[in-house]
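Chemist: Before I ask anything, let me first share the structure, which is written out below as structure tokens.
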Amino acid sequence: MSDATDTGPVLSADGKPLKKSLAIALRREKMRALMLIAPLLLFILITFIMPIADMLFRSVENSIVPNTLPETVVALQDWDPNSDEAPDEAVYAALARDMQIAIEEKSHTRLGSRLNYEMTGISSLFRKSGRQIKRWDMEGIDSFKAEFEDLDEDWLDPELWKTLSTYSSKYTSGYFLNSVDLQKGADGVVRRDENQRIYITLFKRTLFMSLVIMGSCVLLGYPIAFLLANLPTRTSNLLLILVLLPFWTSLLVRTSAWKVMLQQQGVINDTLVWLGLVDDGARLIMINNQFGTIVAMTHILLPFMILPLYSVMQTIPVSYVRAAKSLGATNWTSFWRVYFPQSVPGIGAGCILVFILSIGYYITPELVGGTKGVFISNRIAYHISSSLNWGLAAALGTILLVAVLTLYWVYDKIVGIDNVKLG
Amino acid sequence: MKTRNFLAIAGAVAFAASGALAQDMTIVSWGGAYSKSQQNAYHDPYMAANPGVNIINDESSAEAVAKLRAMNEAGNITWDVVDVVAADAIRLCDEGLAMEIDADSQLAPAPDGTSASDDFGDLLVSDCFIPQIVYSTTFGYRTDMVGDTPPTDVCAIFDTETYPGKRSLEKRPINNFEWALICDGVAKDEVYDVMETPEGQQRALDKLATIKDDVIWWSAGADTPQLLADGEVVMGSTYNGRLFSVIEEQKQPVAMLWDAQVFDLDGWIIPAGLSDERKQAALDYLYFATDTQRLADQAKYISYGPARASSAPLVGKHADLGIDMAPHMPTDPENAKNTFLYNYEFWADYRDDIDAKFQAWLAK
């Protein structure tokens with residue numbers, strides 16, 4: 001037994017080098033762990049990551065144009081978008097052939113709706129012309145350009161062809177430009193008309209109001225959580241139920257309740273008038289504006305602030321504050337220098353939760369936001385469910401997602417994500 | 001592509017499994033009093049006549065367009081018949097998400113033999129859409145807040161001197177732009193010519209700007225009735241059926257201002273891409289539910305006008321209240337002295353453009 005003189009690798013019982021067999025054992029361990037979480041991983045991948053990726057992809061996807069009008073798009077490449085003339089006969093002939101196939105597949109109206117987002121009027125142009133083109137005898141037509149002009153003069157409009165050529169490629173940046181109030185013009189990217197700029201304002205407002213809501217949640221939630229953590233268990237449990245009770249109540253019910261409270265003929269105004277603090281003719285306007293949205297959303301999101309704060313505060317030993325006091329600190333100093341720093345991870349967790357939830361909120365702002373209290377998510381909802389402009393909705397959503405991830409990254413740099421605790 | 005095929009197969013298997021048990025039919029509608037009127041007038045009698053069919057109600061009409069598009073992409077359509085407003089039906093037809101229905105060969109003729117397409121007349125606004133009711137977006141006002149001169153003219157909404165107080169308008173340009181232009185002096189038959197131009201759109205916004213501070217903008221149909229009942233607004237626009245229930249069922253001090261009401265249609269579509277068997281079942285249901293008597297029956301439960309001309313004389317009394325329903329129909333001659341029909345063609349084209357301007361204006 002002279003291990004010290006043996007210079008070869010250490011061998012395990014079965015004669016393999018120990019390092020190798022350790023690696024095998026570790027890998028087996030890892031595989032087993034992976035197998036255990038595989039169902040969950042797959043589930044998340046299929047039901048969460050893939051749909052999001054698919055939705056985000058729509059923000060640049062534009063294959064409907066080259067797929068529906070393949071020949072036209074190719075023929076249009078010879079046309080100069082800066083000329084103020086309609087393209088020549090070859091393009092119209094290609095369009096006629098493409099349209100006949102598209103009408104057969106009933107995809108021409110779909111393309112019309114797609115292009116109508118970029119130029120008003122294309123939708124009905126495609127729909128109406130489709131009915132006629134269906135009946136065309138392709139062999140017997142000499143000039144397709146004249147036939148199209150017969151259908152509708154708009155077919156000769158250079159603007160229409162500019163739009164088509166701008167959006168003829170498989171991928172487009174158009175949706176992203178739209179979502180920051182820009183648009184593709186003939187000479188590159190230009191700002192939208194002033195009376196159509198809205199998204200930048202909404203993004204700014206969403207960020208600003210989410211921050212205000214987050215701030216008011218901290219201000220209101222911190223004392224409550226402090227109280228909960230420092231009261232005897234029996235009392236604090238009762239209070240905790242009071243915090244959770246609204247949490248379990250339907251969102252719509254709570255929002256409607258705020259309407260009843262805040263409106264001009266509502267509970268608060270009635271009370272103020274009855275007390276003589278406010279004149280009957282000058283009732284306060286507290287809803288259908290930013291104030292109403294902030295109040296209602298602070299109330300709705302408050303539990304998301306209180307719960308992480310409470311669970312972090314519970315872990316702070318009482319003895320630390322007592323020690324500080326016994327060393328001569330005042331109440332304030334012992335709180336500010338000893339207690340508060342230990343509760344910061346709870347504030348961090350609560351802030352991230354409230355901020356991320358509020359940035360994507362839309363039901364409450366829709367109901368109580370009026371005109372100045374609506375969020376970007378209200379426009380996303382509109383484009384998903386009403387205008388069906390999913391590309392624009394996806395672009396807006398992508399920007400929102402990137403903004404949240406950026407803020408998360410900034411938070412990580414400044415405060416450090418390790419400092420976030422949920423309990 | 002593979003996922004799509006897989007989903008299609010999964011959907012087909014799931015359907016085959018459920019079809020073997022009972023003939024389920026999912027009908028999508030708006031919920032509330034409206035769905036109840038359909039249950040009473042259509043679903044119950046249909047199930048009584050066809051014991052093998054089981055109708056399942058889904059209250060998703062508000063999101064029907066987006067959901068149908070998602071179902072279509074997933075290749076698994078779970079709805080059989082869907083109740084949508086005409087503008088949505090046109091959109092669904094354009095997108096290839098609704099099936100084309102030939103009124104004459106696939107629907108019942110009127111009792112006197114008039115073909116279905118003549119009976120519905122101009123209301124067949126899309127190849128995929130079978131109208132069911134005519135409803136209108138119109139104004140209601142508080143009778144106790146307007147003094148001795150109750151409004152008779154739609155322009156009262158812009159007259160804040162005679163009728164001080166808040167008004168509620170829908171948070172979208174449709175209808176509001178028409179009213180604004182009319183009250184700005186545009187002749188009724190020129191409204192859409194004016195609205196086509198950017199100057200005309202600005203003109204409508206400028207007119208609305210005169211009352212911007214006095215308006216509460218609503219997005220749910222229940223908002224105006226609630227605001228009126230609370231005395232929060234002096235007048236407001238909403239669907240006439242909602243006002244009927246505020247006035248006749250809840251007995252609030254509210255009255256109708258029918259002037260310049262905008263007619264709109266609500267009706268049925270069948271999603272594209274159903275299996276032949278389900279398509280037949282859906283068409284069979286529609287044949288029954290859109291005949292003359294059934295449409296007249298629905299008016300017993302809700303104050304919306306039947307879409308067939310032949311149904312109008314059959315409209316009777318309200319099932320619970322026992323009052324004559326004809327005077328509460330938006331189509332009643334007394335109410336329909338000055339009306340608009342929602343301009344589907346115009347708004348299908350201009351909706352996105354004008355809505356962007358309107359929302360930008362609101363946010364200012």
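The values are calculated or read from the model by the stated rules, or taken from the named source; none is laboratory data. All figures in this text were calculated on a predicted structure; none of them were measured in a lab. Cβ sites come from the backbone with ideal geometry, for glycine too, and all protein chains shown count toward neighbours.
Chemist: Name the residues in region A:227-239 that are surrounded by fewer than 18 Cβ atoms within 10 Å (Cβ to Cβ) and in a helix (DSSP H, G or I), would you?
Modeler: A:Leu227, A:Asn230, A:Thr233, A:Arg234, A:Thr235, A:Ser236, A:Asn237, A:Leu238, A:Leu239
Chemist: Looking only at region A:369-423, count how many residues are buried (at least 20 other Cβ atoms within 10 Å of the Cβ), more than 11 Å from every other protein chain (Cβ to nearest Cβ) and either more than 23 Å from B:Asp352 (Cβ to Cβ) or touching a Cys at 6+ places or on another chain (Cβ under 8 Å) (or both).
Modeler: Matching residues across region A:369-423 total 1.
Chemist: Turning to a different aspect of this structure: Restricting to helices (runs of 4 or more DSSP H) lying wholly in region B:36-112: which have 3 or more residues that are without any contact (Cβ under 8 Å) to a residue 60 or more places away in the chain?
Modeler: Numbers: elements: B:44-49, B:64-74, B:86-94, B:103-106.
Qualifying helices (runs of 4 or more DSSP H): B:44-49, B:64-74, B:103-106.
Chemist: Which residue out of B:Thr143, B:Thr138 is more than 24 Å from the chain's Cα centre (by Cα) and among the hydroxyl-bearing types (Ser, Thr, Tyr)?
Modeler: B:Thr143
Chemist: Give region B:333-350 a look and list any residue that's in contact (Cβ under 8 Å) with a residue 60 or more places away in the chain and facing another protein chain (nearest Cβ under 7 Å), or say none.
Modeler: Within region B:333-350, B:Ala348, B:Tyr350 qualify.
Chemist: Ok, one more. Hey, among the residues in region A:123-156 that are within 14 Å of chain B (Cβ to nearest Cβ) and in contact (Cβ under 8 Å) with a residue 24 or more places away in the chain, which one's surrounded by the fewest Cβ atoms within 10 Å (Cβ to Cβ)?
Modeler: Only one residue fits best here, namely A:Lys134.
Chemist: Can I ask one more? Does any residue in region B:198-227 that is more than 8 Å from every other protein chain (Cβ to nearest Cβ) come within less than 7 Å, Cβ to Cβ, of a residue that is small (Gly, Ala, Ser) and not in a strand (DSSP E or B) six or more places away or on a different chain, and which pairs are these?
Modeler: Taking only residues 6 or more apart or on different chains, the pairs are B:Ala204/B:Ala180; B:Lys207/B:Ala180; B:Leu208/B:Ala180.
Chemist: State the number of residues belonging to region B:118-155 that are assigned to a strand (DSSP E or B), more than 15 Å from B:Ala87 (Cβ to Cβ) and of a type in the set (Gly, Ala, Ser).
Modeler: Total meeting the criteria: 1.
Chemist: In this structure, does A:Arg58 turn out to be under 20 Å from B:Asp349 (Cα atoms), within 26 Å of the chain's Cα centre (by Cα) and of a type outside the set (A, V, I, L, M)?
Modeler: Details: under 20 Å from B:Asp349 (Cα atoms): no; within 26 Å of the chain's Cα centre (by Cα): yes; of a type outside the set (A, V, I, L, M): yes.
So A:Arg58 fails the test.
Chemist: Conditions: (1) assigned to a loop (DSSP other than H, G, I, E, B); (2) farther than 23 Å from B:Gly32 by Cβ. B:Pro313 meets all but one. Number of the miss?
Modeler: (1)
Chemist: A follow-up question, please. May I ask you to list the residues in region A:307-354 that are of a type in the set (Lys, Arg) and either closer than 23 Å to A:Val415 by Cβ or not assigned by TED's automatic domain parsing to the domain that holds A:Ala403 (or both)?
Modeler: Listed by number, the list holds a single entry, A:Arg337.
Chemist: Taking A:Thr120 as meeting all but one of (1) among the hydroxyl-bearing types (Ser, Thr, Tyr); (2) within 12 Å of chain B (Cβ to nearest Cβ); (3) over 13 Å from A:Leu160 (Cα atoms), write down the number of the exception.
Modeler: (3)
Chemist: Evaluate region A:102-125: report whether one residue or more is in the same structural domain as A:Trp155 (by TED's automatic domain parsing) and over 27 Å from A:Tyr175 (Cα atoms).
Modeler: yes
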